[in-house]
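The structure appears below as structure tokens.
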Amino acid sequence: MAVIHAERFLEQIQSSYQFTDLEMKRLKYTLKAVSSELVKTLLLSILFFNLGHLPEFLIGVLVLITIRCNSGGIHMEHFITCFLFTLAFMLLSVIVLPSYVPVPYAVKPVILALCILITFLAAPVASKKRPPAAPETKRQYRNRATGLLFLYSVIIIILKTTPIADICFWIIVLQALQLLCAVAAQKGGKNEEI
């Protein structure tokens, strides 16, 4: 019933504002993506609150969202696989890796520079469900993602080995790795089959 009302509402928007079919596809994609992300973030917030790591999780989410909205990455077909992937990603970057895999301070700038390079060369990796972007728009996404990574890297280097710097470091590393995986999956035609 709610889906029927939503479809009617979107039809009214299209007719009232004379949106093209492409603009409506983008609007529908955006609404679906935002609602999915809100539900996922709420569920993960409850979990991380219970684990005693809510502030760290929220900082990690802010960093990840700003990077991922511009660089893209692995995209899942179903909400549950997306949720489980995000859960694993956040558990690794917020709790596991900062606690059990210390990275020497002198090595961090090298790894961060490599992550910036990976992002510059690979981004953006968009979902195949997302309407295609123009080449100039893709360049803008790539440049924003690269600029954000550079800014975050400078902050991480300034903060040295604080817990927040370690979380942000691992968010960046895991995002760069999943970006590589997403590019490989797209080339192999396997992206979004999970």
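The values are calculated or read from the model by the stated rules, or taken from the named source; none is laboratory data. Keep in mind that this is a model prediction, so the values were computed, not measured. Here the Cβ is made from the backbone with ideal geometry for all residues, glycine too, and neighbour counts use every protein chain on show. Protein only, heavy atoms only, side chains kept; ligands, DNA and RNA dropped before computing areas. Shrake-Rupley method; radii C 1.70, N 1.55, O 1.52, S 1.80 Å.
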### Task
Would you mind finding the one in 75, 53 that is closer than 24 Å to residue 128 by Cβ, of a type outside the set (A, V, I, L, M, F, W, C) and modelled with pLDDT of 80 or more?
75
### Message
Take residues that are in contact (Cβ under 8 Å) with a residue 40 or more places away in the chain and open to solvent by 70 Å² or more (accessible area, probe 1.4 Å) and tell me which of the helices (runs of 4 or more DSSP H) falling wholly in region 63-122 contain 1 or more.
### Response
79-91, 108-122
### Query
What residue, among those in region 22-44 that are over 16 Å from the mean Cα position of the chain (by Cα) and touching a residue at least 12 places away in the same chain (Cβ under 8 Å), is most open to solvent (accessible area, probe 1.4 Å)?
25
### Query
What single numbered condition from (1) at pLDDT 90 or above; (2) surrounded by 14 or more Cβ atoms within 10 Å (Cβ to Cβ); (3) of a type outside the set (A, V, I, L, M, F, W, C) fails to hold for residue 192?
(1)
### Qualifying position, being open to solvent by 40 Å² or more (accessible area, probe 1.4 Å), outside any helix (DSSP H, G or I) and in contact with a helix residue (DSSP H, G or I) (Cβ under 8 Å, 6 or more places away or on another chain), among 144, 130
130
### Message
Looking only at residues that are buried (at least 19 other Cβ atoms within 10 Å of the Cβ) and touching an Asp or Glu at 6+ places or on another chain (Cβ under 9 Å) in region 147-184, which one is farthest from residue 111 (Cα to Cα)?
### Response
167
